[in-house]
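Visitor: One structure coming up, written as structure tokens, with questions to follow.
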Amino acid sequence: MDWKRKLREEGYIELDDMRIELSLDNTFLDIDYIPRVLVYSEETGRWHVLRNPIPKGKTLEESWDNAVEVLDAIVRGEIKPDLDEPSVETRLVNTLRELNGLP
């Protein structure tokens, strides 16, 4: 599965024990929305927000491309995910690495 393309085109990917979604956040009631990655964990039974910075694009599409690029950087080991839940962070990395065919 080309998870990056599917995530970018459909806005989410369903996996065995988690769901990864692209979203927009306007928590601080800014004029512009900022891109977010949400991860639902069946283990915890709740949603987790990826707290790593995602560069805001000039368009919605560019913002979501940036979000997918942050996930890809996590896969490459360039950054560690910040979900405030270490077990979910580990599962996210392992799952994305498996989708990329990496050990």
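Visitor: For the stretch 45-55, give me each residue that is exposed (fewer than 15 other Cβ atoms within 10 Å of the Cβ) and part of a loop (DSSP other than H, G, I, E, B).
Guide: Across the stretch 45-55, the qualifying residues are G45, R51, P53, P55.
Visitor: Sticking with this one: Which one of these does V37 not meet: (1) in contact with a helix residue (DSSP H, G or I) (Cβ under 9 Å, 6 or more places away or on another chain); (2) modelled with pLDDT of 95 or more; (3) surrounded by fewer than 15 Cβ atoms within 10 Å (Cβ to Cβ)?
Guide: (3)
Visitor: Turning to a different aspect of this structure: I'd like to verify a number: residues in the stretch 56-82 that are polar (S, T, N, Q) and not in a loop (DSSP other than H, G, I, E, B), how many? Spell out the reasoning first.
Guide: Taking the stretch 56-82 and keeping what is polar (S, T, N, Q), we get 59, 63, 66.
If we keep only those that are not in a loop (DSSP other than H, G, I, E, B) too, we end up with 63, 66.
Looking only at that region, the number is 2.
Visitor: Since L102 meets every condition but one in (1) part of a loop (DSSP other than H, G, I, E, B); (2) touching an Asp or Glu at 6+ places or on another chain (Cβ under 6 Å), which condition does it not meet?
Guide: With respect to (1) part of a loop (DSSP other than H, G, I, E, B); (2) touching an Asp or Glu at 6+ places or on another chain (Cβ under 6 Å), L102 is out only on (2).
Visitor: Going through L60, L83, L71 one at a time, which residue ends up being within 16 Å of Y12 (Cβ to Cβ) and surrounded by 13 or more Cβ atoms within 10 Å (Cβ to Cβ)? Spell out how you get there, then give the answer.
Guide: Numbers: L60 fails: surrounded by 13 or more Cβ atoms within 10 Å (Cβ to Cβ); L83 fails: within 16 Å of Y12 (Cβ to Cβ).
Among L60, L83, L71, only L71 is within 16 Å of Y12 (Cβ to Cβ) and surrounded by 13 or more Cβ atoms within 10 Å (Cβ to Cβ).
Visitor: Something else now. Going residue by residue through the stretch 7-24, is there one that turns out to be without any contact (Cβ under 8 Å) to a residue 12 or more places away in the chain, closer than 22 Å to L102 by Cβ and among the basic types (K, R)?
Guide: no
Visitor: Mind counting the residues in the stretch 42-88 that are touching a Lys or Arg at 6+ places or on another chain (Cβ under 7 Å) and either of a type in the set (S, T, Y) or in contact (Cβ under 8 Å) with a residue 60 or more places away in the chain (or both)?
Guide: 3
Visitor: Could you check how many residues of the stretch 40-74 are over 11 Å from the mean Cα position of the chain (by Cα) and β-branched (V, I, T)?
Guide: 2
The values are calculated or read from the model by the stated rules, or taken from the named source; none is laboratory data. These figures come from a predicted structure and were not determined experimentally. So basically every Cβ, Gly included, is an ideal-geometry build from the backbone, and we count neighbours across all protein chains shown.
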